[in-house]
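One structure is given below, encoded as structure tokens.
What follows draws every value from the coordinates through simple rules; no lab data is involved. Keep in mind that this is a model prediction, so the values were computed, not measured.
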Amino acid sequence: DTLYAAAALLGGTALAYAIQPVLGPMRWTAAAVLIALALHMLLRVRKTPDPPDGKRPALNSLGTPLRAYLGFLGMTLLNPWAIIYFAALALIHRHDGELTTMLAFTAGVFIASLTWQLFLALGGNVLGRVIASPRGRLVTTTLSSLIIVVLATVMVAAPPK
């Protein structure tokens, strides 16, 4: 996440000036894409069938802490939504290339991502069993979809800088 946030901010500064004339329609388009993503997530989780025997899916262990870290890093780097999300934030909330603002944003993303990764690593076994259940998937997907819709709404409602 930190790598994507830094790349989005660095590239976003240059791109922000180039797209200024079409920023309004792009904000609405970005919001529509985020809302479509949230709806897709909700529809997909509702269509996921429960295991036929009623058992929860087995959780694979990532073994050592290094393997767990590399596994989470790989999954994060392969997630295309992270770069799209951070690029959208960088374009919407222009910072005019201020180094302190860019560093603060990137540091905030790093701390949030690190906190999330530690939470997953420390509570993964117990939390994983709850989240892997059909109800757990439904609840977490519904909450994340709601958060995405709220962020999209705020993005459109916020006045451009």
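Worth pointing out:
- Rounded, prolate or oblate (a/c below 1.5 giving rounded, otherwise prolate when a/b exceeds b/c) for region 109-161 by Cα gyration tensor: oblate
- Taking a ≥ b ≥ c as the square roots of the eigenvalues of the Cα gyration tensor, region 1-49 is classed as oblate, since a/c reaches at least 1.5 and a/b does not exceed b/c.
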